[in-house]
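Read the structure below first, then the notes.
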Amino acid sequence: MPFRQGYDYYLDGNGNKQPLSTAYAWKNIGYWWENHHYNPDGNRTAWEPKTKKIWFTEFGFPSIDKAPNQPNVFFDPKCTNGGSPKYSSAGTDFSVQRTAIKGFIEYWQMQEYIEEMFLWTWDAHPYPAWPHGNIWSDNHLWEKGHWINGKFGVCSLAEIILELSARSGIDLQKIDISTIDEVVDGFILNKILSTIDVINSLRIFYFFDMIASECEKIKFLKRGAGNLEYLSSESLIKISDNSYLKQTEIPEENIISKLSINFIDRFNNYTNSYCYISNEAGSNSPTLNVKIPIILSLPEIERIGGLILKNASIESKVIKFLIPAIFHGFKPR
């Protein structure tokens with residue numbers, strides 16, 4: 001198991017990690033449940049191990065970037081105690097909320113000592129009237145808050161890929177979507193398109209690739225989710241007498257730094273809406289005009305558009321290198 005705060009260590013007054021014995025590991029619920037309890041004076045309490053199962057009366061995650069880092073933090077710009085999780089960009093992220101809740105439930109329901117779990121929060125506000133701002137004054141909190149109203153009644157990107165594959169006559173046993181975890185509010189097809197064209201349009205906004213393997217599997221791989229392989233320069237073949245690499249800079253005017261996106265606005269009666277995004281760099285670079293039949297909210301479009309521009313700025317170099325035949329089996333995974 002990884003080194004974990006509350007299980008294996010605690011932070012002292014100076015912020016340094018100190019070893020933590022199992023008896024004092026406040027997050028080790030299983031140990032607490034299956035052992036006797038002792039007061040600081042050494043006297044044993046009346047607790048008998050395993051006599052009662054445990055209820056989680058409240059658990060939840062906000063729909064904000066890196067929510068699992070600090071799931072208890074509530075984003076509220078008007079509150080002095082509000083904030084965002086550690087290392088978070090504070091951007092809206094429905095997918096991470098859904099994934100974290102799913103992972104939490106799947107893990108804890110396997111533990112014999114957990115009997116009930118209550119998710120925070122399904123609010124009494126009547127969705128979809130809430131979070132419309134002309135009725136509710138706290139509507140601005142829904143976007144990044146712990147509420148699941150209107151956030152879970154959607155399908156996953158993986159389900160869309162499987163549906164498209166099935167309609168194309170592809171055996172779903174040959175499809176690997178294990179790393180695809182994004183959620184999609186809706187996707188409209190109002191003209192005849194090939195499956196590959198539809199999937200390619202989704203790839204632009206959800207950052208995944210398709211790889212066909214030797215075992216006839218089609219793998220849909222989320223960017224950044226694969227395993228890294230490290231090669232030393234000694235493992236490469238020289239491109240020239242003096243170099244193992246050839247690096248080419250992409251001219252700044254060819255790097256996209258502005259986006260014009262036409263999309264279907266979830267919170268504007270599903271009408272066509274427009275969003276312009278710029279990273280304030282490369283004033284001479286082109287604007288990419290995109291029209292997508294995906295149902296999204298404005299915060300989601302801004303988040304995705306920002307990622308597209310960030311990727312474009314990072315992918316500003318082309319690096320070429322040669323590897324020997326011993327590495328011929330290298331594939332994205």
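What follows is calculated from the coordinates using simple rules that are stated; it is not laboratory data. Keep in mind the model is a prediction, meaning the values are calculated, not measured. As a convention, Cβ positions derive from the backbone with ideal geometry for all residues, glycine included, and neighbour counts pool all protein chains shown.
When the helices of the chain are scored as -39500 (n - 2.57) per DSSP H run of n ≥ 4 and the total is divided over every residue, the value at 222 nm lands at -5500 deg cm²/dmol.
A straight chain from residue 90 to residue 52 at 0.36 nm per residue would run longer than the Cα-Cα distance by 9.7 nm. Look at the alpha carbon pairs under 8 Å that are at least 6 residues apart: their mean separation over the length of region 198-330 gives a relative contact order of 27 percent.
Once the Cβ-Cβ distance of residue 191 and residue 106 is raised to the sixth power relative to R0 = 30 Å, the FRET efficiency obtained is 0.15.
Between residue 129 and residue 22, what is the FRET efficiency for a Förster distance of 51 Å, r being their Cβ-Cβ separation, to the nearest 0.05? Write down the numbers at each step before the final one.
Details: r = 50 Å, r/R0 = 0.98.
It comes to 0.55.
Once the chain from residue 76 to residue 298 is taken as fully extended at 0.36 nm per residue, the excess over their C-alpha distance is 78.1 nm.
What's the angle, to the nearest 10 degrees (0 to 90), between helix 157-167's Cα axis and the longest principal axis of the chain? Approximately 60 degrees, to the nearest ten. Distance between the 7 Å Cα→Cβ label points at residue 245 and residue 271: 5.0 nm.
Could you give the dipole magnitude of the chain about its Cα centre, charging the beta-carbon of Lys and Arg +1 and that of Asp and Glu -1, in debye to the nearest 20?
Numbers: 33 positive and 38 negative charges, 71 e Å.
Value, rounded to 20: 340 debye.
Estimated at 0.36 nm per residue, the fully extended path between residue 211 and residue 317 surpasses their Cα-Cα distance by 35.9 nm.
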